[in-house]
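First up is the structure itself, then whatever we jot down about it.
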Amino acid sequence: MSYPYQIGSLSEYHEAYRKSIEDPEAFWAGVASNFHWRKKWDRVLSWNFKEPNVEWFAGGKLNITENCLDRHLEKLGDKPAIIWEPNNPEERTRVVTYERLHKRVCQFAQVLRNNGVKKGDRVCIYMGMVPELAYAVLGCARIGAVHSVIFGGFSAQSIADRLEDAKAEFIVTCDGAYRGGKDIPLKSIIDDALIGNKLVKKVIVYTRTRIPVSMIKGRDVWWEDEMLKVTDTLPVEGFGEAEVMDAEDPLFILYTSGSTGKPKGVVHSSGGYMIWTNYTFVNAFQYKPGQVHFCTADIGWITGHSYILYGPLSAGATSIMFEGIPTWPDAGRFWDVIDKYKVNIFYTAPTAIRSLMSFGLDPLKGKDLSSLQVLGTVGEPINEEAWHWYDEHIGKKNCPVVDTWWQTETGGLMITNLAGITPAKPSWATLPMPGVQPVLVDDKGEEVTEKDADGFYKGNLCIKAPWPGIIRTTYGDHERCRTNYFATYDNLYFTGDGALKDDNGFFRITGRVDDVLNVSGHRIGTAEVENAINMHASVIESAVVGFPHDIKGQGIYAYVIVSGLRGDEAGTRQDIIQTVSRIIGPIAKPDKIQFVTGLPKTRSGKIMRRILRKIAEGETANLGDTSTLLDPAVVDELKNGKL
Ligand code: WT7
């Protein structure tokens with residue numbers, strides 16, 4: 001494969017950027033012409049941010065899996081598409097070539113068809129990180145079914161909510177999953193999620209851990225049995241045929257947290273998303289044919305969708321899929337994987353770097369790491385200390401580090417340096433990708449034109465115009481998409497992040513400005529955690545804020561009012577933590593719980609989170625103006641009772 005749209009120098013970056021802004025249609029038509037279309041588009045772009053309505057390559061017909069698989073077969077058929085590293089390093093590696101992946105995806109596509117799945121149907125995927133997860137995702141895409149992958153750490157209740165929201169009729173899962181020293185009983189969690197669900201018709205179960213599971217007659221079928229029915233020797237009519245999709249047909253739904261209500265289903269398109277993940281993969285990481293790419297994310301998150309599967313596979317790359325965790329059996333695991341497969345591009349989260357840093361340099365002894373050429377980070381702001389540790393001890397000061405800012409809603413990278421092409425600046429995401437027009441606005445939506453005391457422009461980060469990977473809607477509720485992203489400021493997409501800009505036009509993302517937390521690179525809405533805490537029988541009211549956490553970036557701090565603390569405080573604390581874990585999942589467990597008798601509210605009943613945040617951060621001296629509080633005395637209690 002060659003990538004005529006790969007940017008090769010700083011001047012080429014500036015040139016590409018200029019063209020992408022001056023004439024986006026010509027620019028993206030040029031990029032898109034390198035892909036396999038069943039029919040060419042009628043129009044490259046039409047859009048308005050009012051409804052919003054964005055269409056890229058309208059009228060164009062394609063199937064993303066033909067671009068990820070079929071078109072590589074001739075030249076790359078025997079090259080590894082996916083190399084799977086099991087949780088347990090003693091277990092056998094699985095190498096899935098492009099040819100094998102193509103075959104498995106076609107087979108599983110046929111299994112889905114045999115089980116009644118049709119184009120447009122929603123299929124929920126709740127699996128561990130095994131190659132079959134990739135077959136399931138791509139199998140859905142092959143037949144035009146809309147996949148909705150749910151991270152294996154979410155609870156039965158979270159799955160139930162997502163199933164209902166997506167009106168999903170099909171589930172693909174595993175009996176269980178291995179993660180570090182833990183076994184997660186996925187099928188049994190699905191069984192709990194399905195209590196009371198009337199829509200789900202079929203559950204396909206892949207055997208991974210062999211823990212006993214209960215199979216419901218007529219509803220639950222084994223993956224292995226179904227695959228046997230579509231053996232290589234017995235092709236059924238239309239076997240593995242790719243559904244022809246419109247560029248704007250939905251490819252998948254992925255749920256993500258916001259500042260209000262339950263998680264929303266972000267919908268991505270088939271054509272624009274494909275172009276965006278491929279373009280950003282090839283340019284930011286400067287992927288060269290033959291390189292091995294290792295993105296450590298789980299496919300349950302957007303990073304895994306875009307940079308384990310669709311981006312690398314559409315580029316014909318070899319993508320590592322790792323089932324385990326960075327600290328098991330020991331804190332040298334990532335480095336072992338890098339050496340074992342001679343990884344060239346390594347992409348992980350700052351929280352993982354900070355966590356591995358805390359083990360010191362011992363786990364690096366005897367690791368070679370000389371195959372590495374490019375390093376990347378994603379998910380949260382990276383502190384300078386972690387950036388330098390990564391650069392020095394992992395990259396040996398010999399690998400560009402790309403700090404990639406983006407979101408579930410953006411589909412792919414938005415603001416990032418391009419490895420070795422544009423300059424890096426520690427803790428700065430730096431420059432926008434071609435096609436991305438960031439702007440900083442004040443609370444009224446006016447562009448910030450004056451620098452602050454430190455010499456930076458500072459404001460709320462918005463984007464002025466659509467890029468191919470932009471969110472198209474929130475599933476089943478377009479109005480929610482409008483109010484969440486397009487209604488805060490006229491004619492702008494609002495990211496929810498705050499940022500700084502320097503004189504070079506470099507951006508530094510400072511973090512969320514809304515009620516969304518970023519815990520270990522995972523997005524969690526404070527309202528969601530509050531709702532879960534409030535489910536506990538003794539809880540009257542709660543308020544959740546973030547606080548700085550050395551490893552996680554942000555930790556979860558909950559102020560809780562309980563009625564008549566029976567028994568011990570510690571016990572109630574544990575109960576509340578358990579409740580959150582059951583309602584949302586372990587990732588949303590509060591790190592600190594402070595029992596209080598009141599919350600700081602204004603006369604209109606609004607909680608002043610600013611005060612709660614300051615107290616949680618330990619900044620009790622300067623709480624700002626508290627005169628509008630209904631009961632200013634409550635502040636002293638909060639301060640004195642600080643954990
Ligand atoms: C939020 C999006 C997109 C991949 C994983 C997270 C934060 C993401 C960076 C970065 C500073 C970052 C933002 C953003 N974020 N990357 N390089 N520097 N902050 O996806 O769950 O949709 O979360 O993650 O706050 O809004 P997500």
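The values are calculated or read from the model by the stated rules, or taken from the named source; none is laboratory data. Small disclaimer: the values here were computed from a predicted structure and weren't measured. Note: ideal-geometry Cβ built from the backbone for every residue, glycine included; neighbour counts use all protein chains shown. Side chains included, ligands, DNA and RNA excluded: accessible areas come from the protein's heavy atoms. Shrake-Rupley method; radii C 1.70, N 1.55, O 1.52, S 1.80 Å.
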What number of residues in region 404-430 are more than 15 Å from the chain's Cα centre (by Cα) and either under 25 Å from Asn484 (Cα atoms) or near the ligand (Cβ under 8 Å from one of its atoms) (or both)? 3
Being open to solvent by 10 Å² or more (accessible area, probe 1.4 Å) and farther than 27 Å from Ala424 by Cβ narrows it down to one residue among Asp503, Asp490; which is it? Asp490
Could you check region 185-196 and list, in sequence order, the residues that are farther than 22 Å from Asn114 by Cβ, open to solvent by less than 60 Å² (accessible area, probe 1.4 Å) and out of contact with any Gly (no Cβ under 6 Å at 6 or more places or on another chain)? Ser188, Ile189, Asp191, Ala193
For region 57-130, give me every one of the helices (runs of 4 or more DSSP H) that falls completely inside it and has 2 or more residues that are surrounded by fewer than 22 Cβ atoms within 10 Å (Cβ to Cβ). 73-76, 98-114
The condition from (1) away from the ligand (no atom under 16 Å from the Cβ); (2) open to solvent by less than 30 Å² (accessible area, probe 1.4 Å) that His478 misses is numbered (2)
Taking Gly469 as the residue in question, decide whether it is under 30 Å from Glu51 (Cβ atoms), within 13 Å of the ligand (Cβ to nearest atom), in a loop (DSSP other than H, G, I, E, B) and not basic (Lys, Arg). yes
What are the residues in region 253-291 that are farther than 14 Å from Gly311 by Cβ and within 15 Å of the ligand (Cβ to nearest atom), if any? Ile253, Leu254, Tyr255, Thr256, Ser257, Gly258, Ser259, Pro263, Lys264, Gly265, Val266, Val267
Single residue of Asp503, Asp514, Asp454, Asp490 found to be within 12 Å of the ligand (Cβ to nearest atom) and part of a loop (DSSP other than H, G, I, E, B): Asp514
If you take just the helices (runs of 4 or more DSSP H) that sit entirely in region 144-237, which of them hold at least 1 residues that are under 28 Å from Glu90 (Cα atoms)? 186-193, 223-228
In region 364-380, how many are away from the ligand (no atom under 16 Å from the Cβ) and of a type in the set (Gly, Ala, Ser)? 3
Quick one: which residue in Glu15, Glu85 is over 26 Å from the mean Cα position of the chain (by Cα) and over 30 Å from Thr488 (Cβ atoms)? Glu15
Going residue by residue through region 147-158, is there one that turns out to be under 20 Å from Thr303 (Cα atoms), among the aliphatic types (A, V, I, L, M) and in contact (Cβ under 8 Å) with a residue 12 or more places away in the chain? yes
